[in-house]
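Visitor: Just dropping this structure here.
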Amino acid sequence: MKIILASGSPRRKELMEKTGLKFEIDPANIDERKFQDKSAKKSAEIIATEKAKEVVERHPNSIIIGSDLVVSYLDHQLGKPTDEKDAKKMLELLRGKTHQIFTGVAVINTQNSKITAEVDTVNIIMSQYSDELIDEYIKTGIPMDRGRAYGLQDLDGKLIKGFKGDKETILGLSTKIVLELIEKVK
């Protein structure tokens with residue numbers, strides 16, 4: 001049975017490669033805003049599921065994996081910045097504070113129509129970085145492609161003081177959860 005990753009994210013592709021499973025990529029094309037819930041955790045689950053559902057018709061007799069990462073600070077969901085000003089605002093907001101990352105994973109078996117989903121949570125503690133570091137970082141353009149305006153690996157980790165949870169969840173796909181959910185839908 002084919003395995004399909006419904007994501008175009010290079011980070012998710014790298015994580016899936018670690019599983020040793022053979023898979024193909026077919027990025028889902030959905031408007032995530034239509035599926036947002038008040039709860040960041042619920043949003044991650046719903047959007048991951050909708051991404052998997054979006055590619056189902058193209059892949060009969062397959063296992064489809066959808067994933068979504070939602071960032072929450074004080075119950076406010078942070079997406080990708082809309083522009084450099086928005087990126088700066090997000091990074092200033094998060095500086096020195098703790099926020100949550102919710103990564104939802106959904107798996108659908110198109111052969112038997114079984115579907116399951118799970119959400120993992122990580123608490124991120126941000127560093128007390130300077131305004132100069134924020135400006136330097138924004139000039140690279142990297143924050144514009146990151147939900148929450150930063151990546152764990154960016155700037156050699158200078159933005160993050162620490163985290164509690166699974167590193168893969170921060171990167172957008174827990175392989176442990178993927179493997180567990182594939183077993184559940186067989």
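Visitor: If MET1 satisfies every condition in (1) surrounded by 15 or more Cβ atoms within 10 Å (Cβ to Cβ); (2) in contact (Cβ under 8 Å) with a residue 40 or more places away in the chain but one, which is the exception?
Guide: (1)
Visitor: Name the residues in segment 70-100 that are more than 22 Å from LYS42 (Cα to Cα), surrounded by fewer than 19 Cβ atoms within 10 Å (Cβ to Cβ) and not hydroxyl-bearing (Ser, Thr, Tyr), would you?
Guide: If the condition is that a residue be more than 22 Å from LYS42 (Cα to Cα), surrounded by fewer than 19 Cβ atoms within 10 Å (Cβ to Cβ) and not hydroxyl-bearing (Ser, Thr, Tyr), then ASP83, GLU84, LYS85, ASP86, LYS88, LYS89, GLU92, LEU93, ARG95, GLY96, LYS97 are the ones that fit.
Visitor: Please name all residue pairs, on different chains or six or more residues apart, with Cβ atoms under 9 Å, provided the first residue is in segment 7-21 and is in contact (Cβ under 8 Å) with a residue 40 or more places away in the chain and surrounded by fewer than 15 Cβ atoms within 10 Å (Cβ to Cβ) and the second residue is assigned to a helix (DSSP H, G or I) and not aliphatic (A, V, I, L, M).
Guide: Listed pairs, sorted by first residue: LYS18/GLU168; LYS18/THR175.
Visitor: If I ask for residues that are among the aliphatic types (A, V, I, L, M) and part of a loop (DSSP other than H, G, I, E, B), which ones from segment 1-42 would you list? Give the derivation first.
Guide: Step one: filter segment 1-42 for residues among the aliphatic types (A, V, I, L, M), giving 1, 3-6, 15-16, 21, 25, 28, 30, 40.
Of everything in segment 1-42, those that are among the aliphatic types (A, V, I, L, M) and part of a loop (DSSP other than H, G, I, E, B) turn out to be MET1, ALA6, LEU21, ALA28, ILE30.
Visitor: For segment 112-144, how many residues are outside any strand (DSSP E or B) and within 28 Å of ILE63 (Cα to Cα)?
Guide: Narrowing segment 112-144 to residues outside any strand (DSSP E or B): 112-113, 127-144.
If we keep only those that are within 28 Å of ILE63 (Cα to Cα) as well, we get 112-113.
Of the residues in that region, 2 qualify.
Visitor: Considering only residues of segment 127-144 that are under 18 Å from the mean Cα position of the chain (by Cα) and surrounded by fewer than 21 Cβ atoms within 10 Å (Cβ to Cβ), which is nearest to LYS158 (Cα to Cα)? So that I can check it myself, show each step before the final result.
Guide: Of all residues in segment 127-144, those under 18 Å from the mean Cα position of the chain (by Cα) come to 142-144.
Checking which are surrounded by fewer than 21 Cβ atoms within 10 Å (Cβ to Cβ) leaves us with 142, 144.
Numbers: ILE142: 14, MET144: 18 Å.
Here the answer is ILE142.
Visitor: Quickly run through segment 110-154 and pick out the residues that are under 30 Å from LYS186 (Cβ atoms) and of a type outside the set (Gly, Ala, Ser). Can you show your working first?
Guide: Of the residues in segment 110-154, the ones under 30 Å from LYS186 (Cβ atoms) are 110-122.
Correct list: THR110, GLN111, ASN112, LYS114, ILE115, THR116, GLU118, VAL119, ASP120, THR121, VAL122.
Visitor: Among the residues of segment 101-126, which ones are within 30 Å of ILE4 (Cβ to Cβ) and surrounded by fewer than 16 Cβ atoms within 10 Å (Cβ to Cβ)? If you could, list the steps in order and put the result at the bottom.
Guide: Step one: filter segment 101-126 for residues within 30 Å of ILE4 (Cβ to Cβ), giving 101-122, 124.
Within segment 101-126, GLN111, ASN112, SER113, LYS114 meet the criteria.
Visitor: Could I ask something else about it? Looking at this structure, is GLU45 free of Cβ contacts under 8 Å to residues at least 24 places away in the same chain, assigned to a helix (DSSP H, G or I) and of a type outside the set (A, V, I, L, M)?
Guide: Details: free of Cβ contacts under 8 Å to residues at least 24 places away in the same chain: no; assigned to a helix (DSSP H, G or I): yes; of a type outside the set (A, V, I, L, M): yes.
When the stated conditions are applied, GLU45 does not pass them.
Visitor: Next question. Among (1) assigned to a strand (DSSP E or B); (2) at pLDDT below 95, which single condition is THR82 missing?
Guide: (1)
The values are calculated or read from the model by the stated rules, or taken from the named source; none is laboratory data. If you're wondering where the values come from, they're calculated on a predicted model, not measured in any experiment. Glycine gets a Cβ as well: all are built from the backbone with ideal geometry, and neighbour counts include every protein chain shown.
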